[in-house]
1. Just need a number here: residues in the range 79-112 that are assigned to a loop (DSSP other than H, G, I, E, B), under 24 Å from Thr60 (Cα atoms) and either modelled with pLDDT of 80 or more or open to solvent by 70 Å² or more (accessible area, probe 1.4 Å) (or both).
2. Taking only the range 64-76 into account, find how many residues are crowded, with 16+ Cβ neighbours inside 10 Å and among the charged types (D, E, K, R).
3. For residues in the range 113-136 being in a helix (DSSP H, G or I), of a type in the set (A, V, I, L, M, F, W, C) and at pLDDT below 80, which is least open to solvent (accessible area, probe 1.4 Å)?
4. Can you name every residue in the range 46-63 that is surrounded by 12 or more Cβ atoms within 10 Å (Cβ to Cβ) and over 10 Å from the mean Cα position of the chain (by Cα)?
5. Any residue in the range 52-71 that is charged (D, E, K, R) sitting within a Cβ distance under 7 Å of a residue that is in a helix (DSSP H, G or I) and modelled with pLDDT of 90 or more? List the pairs, counting only those 6 or more apart or interchain.
Amino acid sequence: ATFTMSDTKPDEPSFPTDGINRRQYFDRPSAVQHVISLAKHHQYLVLGSPPSTGKTSLLTLAKWALEKKPGVSVHKRTLCQDDSPDQIKAWLASKDIVKDEEKLQQLQGETWILLDDAHNLYNEESDGLWQFIVKF
């Protein structure tokens, strides 16, 4: 695989809080496209690996790639241990993603929900949320 360094845009901070130093990072176009392709085919994808191995940066790179496509809506959120299923559903609703499962089929265009640190909200109380998202 070939790795290239990307430059930041002049108006972007050099050290953003999204997991990537935009001045220098390993561009992984084949990995990004593979992740996007798998998620499209299966409707959802769970990435798992040890801490600090690049999951957040890969998710952010996928977000950037998806945002370049016309008609695609991308929403990314890092889940915290303090989040509740109702808070996540309210966040989805604030992004014009419906809370009503019956209306999911009426969504126009391609919508992506990217959730980082999902393990923080993986418990019995959150089962309904995950079922809702997987059906989405």
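1. 9
2. Of the residues in the range 64-76, 1 are crowded, with 16+ Cβ neighbours inside 10 Å and among the charged types (D, E, K, R).
3. The qualifying residue least open to solvent (accessible area, probe 1.4 Å) is Phe132.
4. Selection gives Leu47, Gly54, Lys55, Ser57.
5. none
The values are calculated or read from the model by the stated rules, or taken from the named source; none is laboratory data. Because the structure is predicted, anything quoted here is derived from the model rather than measured. Don't worry about glycine lacking a Cβ; one is built from the backbone with ideal geometry, like all the others, and counts go over all protein chains shown. Quick note on the areas: whole protein, heavy atoms, side chains included, nothing else; ligands and nucleic acids left out. Shrake-Rupley method; radii C 1.70, N 1.55, O 1.52, S 1.80 Å.
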